[in-house]
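Take a look at the structure set out below.
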Amino acid sequence: MEKRIYNFSAGPAILPEEVLLEAQKELFALPGVGMSILEISHRSKTFEAILAEAKSGIKSLLNVPDNYEILFLQGGASLQFSMVPLNLMPPKNKADYISTGSWSKKAIKEAKRVGTVNIAATTEEGEGDKKYFKRIPKQSELKLDPDAAYVHFTSNNTIYGTQWQSEPEVGNVPLICDASSDILHKPIDVSKYGLIYAGAQKNIGPSGVVLVIIRKDLLERSQDSLHTMLNYKTQAENNSMYNTPNTFGIYIIKIVAKHLASLGGLSKMYEINKAKAKILYDAIDSSNGFYKGHAEKESRSLMNVTFNLTTADLEKKLIDEATKAGFNGLKGHRSVGGLRASIYNAFPTKGVEDLANFMKDFQKKNG
Ligand SMILES: *Cc1c(COP(=O)(O)O)cnc(C)c1O
């Protein structure tokens, strides 16, 4: 079999080897079915069982209460930027958004097409095309409207490498979260949320499927005048199968959920994720300024570690040498520059240790 390298890609991103091997083993023919997951009807008993297992896997990992619906939709997290306001903003037609990065801004852009957006806080800094984010706002900075239809925030800012350490306190207003890049990385209290959405391709599966967890009473906000496919209520009533769902994506999510449970669930993942991130942040912090973390320390992400070197030339040299040595996907997002190591659930501790050692060697030679 082809040898695998260390994949630090921000998304689509690394999947657990066990998951890939199981999918590979079953790809030719599902056991007892004689057909591939790629070939069977979404209306078949086999697929119904796969969907049910994917749902129950997510439900038990995240301890999702019974008054929530779990959906697997299409259009990525980006379509949720539209579906959230289309379904949940009326009749008040105003919502609070907390802006902490590029994905928050994209969500805000779509929400503004539906109603009034109050920017409850933004941590954007800089001028013109040099604007950036490097931190999460404090609770005291949030200017929340108690009469808003909901409050939207982005739990992990994939591009800037910042992450909320705990959810914002929003009183009785439904809290909506884009958790695309940190879903399932630690236990969360789902009952604090009105809706959570996450594109699968960072922490739970392949691209093309988005997980939506919605409190059932909020489904009543979806108006019949909405386009059918954009209506959460329709999607819930049809068990995510109003049309043909992403059958393969849902199948992979089923295996990922089973795999995470076998490792000990999300408390265990949180321990592992904290330990992994610490290895890289320690390498940065102990480098006497050779490496400089982009995010403020209290806002650092466990999923995306962003950092710079003193010059763009050195950054390029490090990326080139690292790529040759089998560390792939370290180039920072074009809007931030520098380096970004995405170390989602599936990224092995050994790979993080090897990168930290590689960084130390590089510093010795170039510092
Ligand atoms: C990747 C990402 C998105 C976009 O996801 P798509 O599935 O490509 O639409 C949205 N929000 C966050 C936080 C992301 O990391």
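Brief remarks on what is shown
- Those residues of the range 10-67 which are assigned to a helix (DSSP H, G or I), more than 20 Å from the chain's Cα centre (by Cα) and in contact (Cβ under 8 Å) with a residue 40 or more places away in the chain, in sequence order: Glu18, Glu22, Ala23, Phe47, Ile50, Leu51, Glu53
- Per the conditions (1) surrounded by fewer than 16 Cβ atoms within 10 Å (Cβ to Cβ); (2) hydroxyl-bearing (Ser, Thr, Tyr); (3) closer than 23 Å to Asn243 by Cβ, the sole criterion not satisfied by Ser82 is (1).
Residue-by-condition table, conditions (1) closer than 30 Å to Tyr150 by Cα; (2) small (Gly, Ala, Ser):
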| residue | (1), (2) |
| --- | --- |
| Ser9 | no, yes |
| Glu22 | no, no |
| Leu30 | no, no |
| Ser41 | no, yes |
| Ile58 | yes, no |
| Asn63 | yes, no |
| Pro85 | yes, no |
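- Any hit, the range 49-69, residues being within 16 Å of the ligand (Cβ to nearest atom), crowded, with 17+ Cβ neighbours inside 10 Å and assigned by TED's automatic domain parsing to the domain that holds Met241: no
- Hits in the range 317-353 (condition: surrounded by fewer than 21 Cβ atoms within 10 Å (Cβ to Cβ) and over 28 Å from Glu18 (Cα atoms)): Lys317, Ile319, Asp320, Glu321, His333, Arg334, Ser335, Val336, Gly337
- Index of the failed condition, Trp103 passing every other in (1) within 16 Å of the ligand (Cβ to nearest atom); (2) in a loop (DSSP other than H, G, I, E, B); (3) of a type outside the set (S, T, N, Q): (2)
- You will find that of Lys317, Lys365, Lys274, the residue that is closer than 22 Å to Asn157 by Cα and out of contact with any Lys or Arg (no Cβ under 8 Å at 6 or more places or on another chain) is Lys274 and no other.
- Applying a threshold of 8 Å to beta carbon distances and a minimum spacing of six or more residues, or different chains, the list of pairs starting in the range 85-114 at a residue that is farther than 25 Å from Ser301 by Cβ and outside the structural domain of Ser335 (by TED's automatic domain parsing) and ending at one that is aliphatic (A, V, I, L, M) and at pLDDT below 95 is empty.
- Complete set of residues in the range 173-196 that are in contact with a Pro (Cβ under 8 Å, 6 or more places away or on another chain) and either away from the ligand (no atom under 16 Å from the Cβ) or over 22 Å from Leu79 (Cα atoms) (or both): Val173, Val190, Ser191, Gly194
The values are calculated or read from the model by the stated rules, or taken from the named source; none is laboratory data. As the structure is a computational prediction, the values presented were derived from the model and not from experiment. Here Cβ is always computed from backbone atoms with ideal geometry, including for glycine, and neighbour counts include all displayed protein chains.
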